[in-house]
Amino acid sequence: MIQPKKIKKTDSNLLQITWDNDNVTEITMETLREKCPCVSCQGETVLFSSYIPIKNVFKPAGFYEIEKIDKVGNYAIQITWKDKHNTGIYSWEYLMGINEKG
């Protein structure tokens, strides 16, 4: 399994991940936040019941700004945004997929 060697926020407002195979993933803060994998942001379907989040056009202060990043085991990171949203767990595979899909 590919693991990150380094994760940093760049001066150009990107999250840059250098993987242990020396590939580099760069994701804009906007894309990273819009692709937050949590139920509140993406919704979910369990059995025959679905939750579809309402997309709000209003973005509070700090919506696209990272406050901190915590490692979750050996498979993911959890991002706390400056607006205090922190429910998304971004796995390594998910982060690589965001890079491919834009």
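Every number in this text was worked out from the coordinates using simple rules, so none of it is lab data. Note that the structure is predicted; figures quoted are calculated from it, not measured. Backbone-built Cβ (ideal geometry, glycine too); neighbour counts: all protein chains shown.
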What nm distance separates the two modelled labels at residue 2 and residue 87, each placed 7 Å from Cα along Cα→Cβ?
-> 3.0 nm
Computed E for residue 46/residue 13 - FRET, C-beta separation, R0 35 angstrom, nearest 0.05 = 0.50
note: the chain, Cα-Cα separations exceeding 21 Å make up a percent value of 35 percent
State the answer as a single residue: which of 1, 86, 32 lies farthest towards the positive end of the charge dipole of the chain, with beta carbon charges of +1 for Lys and Arg and -1 for Asp and Glu, about the Cα centre.
-> 86
Tilt relative to the chain, helix 92-101 - C-alpha long axis, 0 to 90 degrees, to 10 = 80 degrees
Over the chain, calculate the relative contact order: mean separation of alpha carbon pairs under 8 Å at least 6 apart, over the residue count, as a percent.
-> 21 percent
Cα-centred dipole magnitude for the chain, charges only on beta-carbon of K, R (+1) and D, E (-1), debye, nearest 20 | 220 debye
Local charge sum around residue 74 (other residues, Cβ-Cβ under 14 Å, Lys/Arg +1, Asp/Glu -1)?
-> -1
Loop-exposed trypsin sites (Lys or Arg not before Pro) per DSSP, neighbour cap 13 Cβ within 10 angstrom, longest uninterrupted part of the chain = 1-54
Separation of region 51-71 and region 1-45 by C-alpha centroid, Å?
-> 14 Å
